[in-house]
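One structure is given below, encoded as structure tokens.
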Amino acid sequence: MNKRIEVILFKGWAWMVLSMLLAAVNAHAQTAMINAQSRHTTSLNGEWNVILDPTGIGEWRQIWQERKPLVKTDFVEYSFEGSPLLKVPGDFNSQMRELTYFEGIVWYKKEFSYAAGKNKRLFVHFGAVNYLTDVYLNGEKIGSHEGGFTPFQFEITQKIKPGTNSLIVKVDNKRLKNGLPGLGYDWLNYGGITRDVNLIETGNTYIEDYSIQLRKGSQKEVSGWVKLNGADKQNHIKIRIPELKFERSVKSGNNGVAGLQFSSSFKLWSPDDPKLYKVIIETETDTVEDEIGFRNIAVKGNKVMLNGKEIFLKGINIHEENPFKGARAFSKEDALLLLNQAKQLGCNLVRLAHYPHNENMIKQAERMGLMVWSELPVYQHIEFSDTAVLSKMDLMLKEMVRRDRNRCSVVIWSLSNETYDGTPNRTKALASLTQVCRQLDSTRLVTHVTNSQSYNNNAFKVWDSLYKYTDIISVNEYIGWYIPWQGKPENVTWNVAFPGKPVFISEFGGEALFGNVSEAADEAASWREEYQQQIYIKQLRMFNTIPNLCGVAPWLLFDYRSLGRMHPVYQKGYNRKGLLSEKGERKKAWFIMEQYYKRK
Ligand code: GCU
């Protein structure tokens, strides 16, 4: 091989090694400022140019450099000019046929101009990107983020230039052994820039974070704080709740934090009366408005209490998917579509499986009087012995709690789903994650969803080393579907290790293809509606035998896309446990559940 080619290859190799080293030291994204929607934002939503990169060669080609041929003999094997366009927000799988099942890399590009005001700061804020994200501005890498369901941001005050700026985002939704989730999950893990992208302009010192919630156990006392970010950390901060004629001024210390304690007679938020108050937080250089509900959630003995009264949690499981589009849900319209059905079923709680959903879901639930169960994608097989996984869990928890800490609809933080008691380091890791969660937020209930169980001679036993760390014991069980009945449902005996805590059935149900009906409905393999209906009838009879039952949540509201559900007649890439088909058609089981909740 001649010298010239050797030199070129060496240079290419050297560049690759250098860029990988740089990537290793490259900046992590910042945990995002909260309440982005109420800030001074410029939306970058809309059509972005994309380059599909199934082999990952884009990294070696340094796509972010946006090279152009310089002389006649030059050529460059990528270009955003003339490339396909994808809508942001939105997953890429549902926007291009060739991406339907794609798990890999797509490069996105958006050009924008922005003239930041004097003494202003500028951030680029992502509502979420699934799963690994590298962000470049005008050819310079500004940072990375891992995690598909929580917001993050980068400050670009010193990086923006007059005229046109080029923002390039590398998105990779490949499965990772040490990812959250890991290699196995029962949903289509849509990739892409799946939520809003905004430029956010703030003053030199801005309101980064705050907590304005009732103190645990009180219906009158708020115990909170406001955190500023910027040079003038010591600042006068005013909090106003006009409807209550409440105004309080506090002063932040040199750490930028101001404590906030006050009492008032609030109209408490509840599913029957989802009262929200306008809350205004202002400093000399920043103002943020929020709509905050005040309520109290607690466990008292074996009961769940809302505002001091026992409440039965009438739940439903929901994946973040618009069933009619077969796409990742993200908009207010998507939230209304899903939550209206939950209300029609008679629910007062939605379990947003198995990852934090978009803010529209949480805020819409608040307005509609639906309590929210929010969950981390610590799902089944997780590499708990990998220290990187422990840091990822901590960061994802911090991002989830920070974003929704002031959302009264969120009443339960669920930190895992069906992980295995025997996995090395699993219980130790999740016990410590639970502790961190309680330090971040002392007001909500914390749980882990388990399925360590046995069912013999019509006796159902559940146990898990995590029970001692949780406020409620959450159990997924599929008697009647994955495990056939062994006797009459009303005769099932329950043995719950760690008795005395409230028990929540976080998943139950079975599959049926809407419209597949027949009198002879005694075989699971026919995917008959009647078979699913029978599961529900029997499950509801069994619920009366469960000690301390504080609530249930069928799995799940709509049929949804999951690549492992491959029966060519009955599933066609869908998990069919929905009470509704993906077209919104009500299966027979829907009416069984609707009646149950009406009677509760
Ligand atoms: C599990 C799991 C769900 C899954 C369901 C099923 O319990 O939590 O994510 O979809 O069972 O098998 O349908």
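The values are calculated or read from the model by the stated rules, or taken from the named source; none is laboratory data. As the structure is a prediction and not an experimental result, all values here were calculated from the model. Glycine also receives a Cβ, built like all others from the backbone with ideal geometry; neighbour counts cover every protein chain displayed.
Taking the condition in contact (Cβ under 8 Å) with a residue 60 or more places away in the chain and within 16 Å of the ligand (Cβ to nearest atom), does Asn417 pass?
So Asn417 passes the test.
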Has the stretch 230-239 got at least one residue that is on the phi > 0 side of the Ramachandran plot, surrounded by 13 or more Cβ atoms within 10 Å (Cβ to Cβ) and of a type outside the set (D, E, K, R)?
yes
Quick check on the stretch 82-97. Is at least one of its residues modelled with pLDDT of 95 or more and farther than 24 Å from Arg195 by Cα?
yes
Restricting to the stretch 108-143, and then to whatever is hydroxyl-bearing (Ser, Thr, Tyr) and buried (at least 20 other Cβ atoms within 10 Å of the Cβ), can you tell me which residue is farthest from the chain's Cα centre (by Cα)?
Tyr136
I need the full set of residues from the stretch 494-551 which are within 16 Å of the ligand (Cβ to nearest atom), touching a helix residue (DSSP H, G or I) at 6+ places or on another chain (Cβ under 9 Å) and in contact (Cβ under 8 Å) with a residue 40 or more places away in the chain, in order please.
Ile505, Phe508, Gly509, Gly510, Glu511, Ala512, Leu513, Ala524, Gln532, Ile535, Tyr536, Gln539
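Conditions (1) within 28 Å of Leu352 (Cα to Cα); (2) in a strand (DSSP E or B); (3) free of Cβ contacts under 8 Å to residues at least 40 places away in the same chain, marked per residue:
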{"site": "Asp91", "(1), (2), (3)": "yes, no, no"}
{"site": "Glu98", "(1), (2), (3)": "no, no, no"}
{"site": "Glu103", "(1), (2), (3)": "yes, no, no"}
{"site": "Lys110", "(1), (2), (3)": "no, yes, no"}
{"site": "Lys118", "(1), (2), (3)": "no, no, yes"}
{"site": "Phe149", "(1), (2), (3)": "yes, no, no"}
{"site": "Ile160", "(1), (2), (3)": "no, no, no"}
{"site": "Leu167", "(1), (2), (3)": "no, yes, no"}
Sort out which residues of the stretch 374-397 are touching a residue at least 60 places away in the same chain (Cβ under 8 Å), closer than 30 Å to Ser270 by Cβ and not in a loop (DSSP other than H, G, I, E, B), and write them in order of number.
Glu375, Met396
Of the conditions (1) assigned to a loop (DSSP other than H, G, I, E, B); (2) among the aliphatic types (A, V, I, L, M); (3) more than 30 Å from Tyr206 (Cβ to Cβ), Ile34 clears all except one; give me its number.
(3)
Residues that are in contact with a Gly (Cβ under 8 Å, 6 or more places away or on another chain), surrounded by 18 or more Cβ atoms within 10 Å (Cβ to Cβ) and not in a loop (DSSP other than H, G, I, E, B): does the stretch 507-517 have at least one?
no
Return the total of residues in the stretch 445-493 being aromatic (Phe, Trp, Tyr), farther than 12 Å from Ile505 by Cβ and in contact with a Phe, Trp or Tyr (Cβ under 7 Å, 6 or more places away or on another chain).
1
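Take the residues in the stretch 450-493 that are assigned to a helix (DSSP H, G or I) and crowded, with 19+ Cβ neighbours inside 10 Å, then tell me which one is farthest from the chain's Cα centre (by Cα).
Checking each candidate, the answer is Pro489.
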Exactly one of Gly584, Gly564, Gly551 is over 18 Å from Ile316 (Cβ atoms) and of a type outside the set (Lys, Arg), and that residue is Gly564
Of the conditions (1) without any contact (Cβ under 8 Å) to a residue 24 or more places away in the chain; (2) under 25 Å from the mean Cα position of the chain (by Cα), Ala298 clears all except one; give me its number.
(1)
Residue hits (the stretch 362-414; out of contact with any helix residue (DSSP H, G or I) (no Cβ under 9 Å at 6 or more places or on another chain), of a type in the set (Gly, Ala, Ser) and away from the ligand (no atom under 16 Å from the Cβ)) are Ala388, Ser391
